[in-house]
Amino acid sequence: MGKSKWTRREFVKRAGQTTGAVAIGLSFADFLAACGGGTAAPSTSGGTGNLEIFSWWTAGGEADGLAEMFKIYQAKYPNVKIVNAAVAGGAGTNAKAVLKTRMESGKPPDSFQVHAGQELISTWVKAGKMEPITSIWKAQNWDSTIPKDLKDIVSSGGDVWSVPVNVHRGNALWYNKKILDSNGITPPVTMDDFFSALSKLKGKVQAPLALGSNGNWEVQMLLENNIVAAGGTDFYKSVMTGKASFTDPNVKQALTWIKQMLSYVNSDHTNLGWDDADKRLIAGTSAFNIMGDWAKGFFTANNWTANVDFGAAPSPGTKGVYMIVCDTFGLPKGAPDRDNAVAWIQVAGSEAGQAAFNPKKGSIPARTDVPASIFDPIAQQFIAEFKTDALVPSSAHGSATPDAFASGVNDEMGQFVLNKDVNKTADNLQKLSDSYLKS
Ligand code: GAL
């Protein structure tokens, strides 16, 4: 990499910022204050009735993690009926649309999965659809266990709006260990290492690189990881804040690498989800997949053992960088079972909740006091690297950029896998930047 870090402070500053409020010269804090609203009182209820939890966790690993957290909740509140309202589709491709309709028609779930940063702040908080959870945060003393960096990206206007339950790593390269070992390939570090490994495997496995791109976001992740690999974290920060251009040679390099990667992937990728791609690693028909560490949750749910059957490395060219994908739960205004929702938020932020959830989910805990020893060796390594790596927030998963931008890029990358036109795509990405990232 050799590029300077996007400091934790800058990461936090960017992820919590809305371009709209800045554009009209109103501080974001003022804007939120104008939205009004009290702050949620901690739950004291013993709990009866329902608890409807909305997410998109339906695949192996992620569904198991959620089920574990439900068990913790159910043991504390045995008389509450948990309603799992998960809507299938990785990265919330379908769930987010369903949630929008429900929120806009005044039928919110009791609590829902939402990414820290802009997806939370510049969407739901800005629209005045959430209750602050500041008093729960204080009562649970989460300042002592959840890093300030994470608190800051779920905060605005002096209030906290959701509780981080995990940190996923978006820039990870997964590999079938036996295939690499039997072909004398060491885990690639640089982009050159990666392409030489892929070319060595061509003809030996069906498709050296597994891809499931039916949500387009999977290719959007390749784009953001490759932008970091090409330009470093300072460039990533500049381009994702509208300061650098998407027509810059670094972005064109990132797109060219994707194009090159596409020559090693399975031809049916547009019909497959991320988990289908990971099945190909398990089947041994592919050697590599670039995906967030929910892939690890999927592998372990399928009885694959970390560092025995599969291994992990930072995605090529991104050593020393941690692409953050942070899932949180908040409290929508008008939650039908509000007390139960408050109790859910308490469980999601608790040591027991996070210790149950994260090992199955594939992520590392947001809390710093969950013992690393309960995790697999790859998660242990990620826990250590999270403390020292340069942190960058993911755009594909809602933290770095507003939803309108991320969803435009999503469509654009869906086109790119078909037309593979680097210049045209760079131009179109810049048009999205002009529309949504300028402040
Ligand atoms: C991300 C989410 C992860 C995981 C992934 C695949 O957006 O943050 O928790 O669920 O999508 O569905």
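Things worth noting here:
- Ranked by how many other beta carbons lie within 10 Å on average, peptides 245-252, 150-157, 117-124 from highest: 117-124, 150-157, 245-252
- Long-range HN-HN contacts of Ser315 with modeled amide H, under 5 Å: Ala172, Leu173
- Annotation: amide H-H contacts under 5 Å for Val83 (H modelled 1.01 Å from N, sequence separation of 5 or more, or interchain): Leu51, Glu52, Ile53.
- Residues whose placed amide H lies under 5 Å from that of Val160, excluding near-sequence neighbours: Ile133, Thr134
- Diffusion coefficient of segment 227-285 by Stokes-Einstein, Kirkwood radius over Cα pairs, 20 °C, 1.002 mPa s: 160 µm²/s.
- The gain in end-to-end length when the Asn183 to Asn302 segment is fully stretched comes to 40.4 nm, 0.36 nm per residue minus the alpha carbon separation.
- Contour excess over end-to-end distance, with Cα ends at Thr48 and Asn271 and 0.36 nm allotted per residue: 76.0 nm
- Translational diffusion coefficient (Stokes-Einstein; Kirkwood radius from C-alpha pairs) of segment 106-250 at 10 °C, 1.306 mPa s, in µm²/s: 83
- Lys76 paired with Phe386, simple spin-label distance in nm, labels 7 Å along Cα-to-beta-carbon: 2.0
- Segment Lys243-Asp434, extension gain: residue separation times 0.36 nm, minus the distance between their alpha carbons: 67.8 nm
- Annotation: the antiparallel percentage among DSSP beta bridges lying fully within the chain is about 60.
- Rounded to whole numbers, the Karplus 3J(HN,Hα) couplings from phi for segment 162-170 are 6, 10, x, 9, 7, 9, 9, 9, x Hz, using 6.51 cos²θ - 1.76 cosθ + 1.60 with θ = phi - 60°, and x at Gly and Pro.
- Cβ-Cβ distance of Ala372 and Ser199, R₀ of 45 Å, FRET efficiency by 1/(1 + (r/R0)^6): the value works out to about 0.75.
- From its DSSP helices (H runs of at least four residues, each -39,500 (n - 2.57)), the chain gives a residue-normalised ellipticity at 222 nm of -13500 deg cm²/dmol.
- Computed over segment 97-167, the P(r) tail beyond 18 angstrom holds 37 percent of alpha carbon pairs.
- Volume of the Cα convex hull of the chain, divided per residue and given in Å³: 124
- Calculated SAXS-style log₁₀ I(q)/I(0) at q = 0.17, 0.21, 0.23 Å⁻¹ - segment 316-439, Debye, Cα scatterers: -1.02, -1.15, -1.24
- In order along segment 276-289, the Karplus-derived 3J(HN,Hα) couplings, from 6.51 cos²θ - 1.76 cosθ + 1.60 at θ = phi - 60°, round to 4, 4, 5, 4, 5, 5, 5, 6, x, 8, 9, 9, 10, 8 Hz, and Gly and Pro are given as x.
- Under Karplus coefficients 6.51, -1.76 and 1.60, residue-wise ³J(HN,Hα) of segment 95-102 in Hz, glycine/proline x: 4, 5, 5, 5, 4, 4, 4, 5
- Per-peptide packing, taken as the mean over residues of other Cβ atoms within 10 Å, places 179-190, 92-103 in the sequence 92-103, 179-190 from highest down.
- Proximal charge balance of Pro336 [Cβ under 14 Å; K/R count +1, D/E count -1]: 0
- Highest average first, the peptides 393-401, 278-286 ordered by how many other beta carbon atoms sit within 10 Å of their residues are 393-401, 278-286.
Since every read-out is calculated from the coordinates, none of them should be taken as a lab result. These numbers were taken from a predicted model, which means no experiment stands behind them. Every residue, glycine as well, gets a Cβ built from its backbone with ideal geometry; the counts of neighbours run over all protein chains shown.
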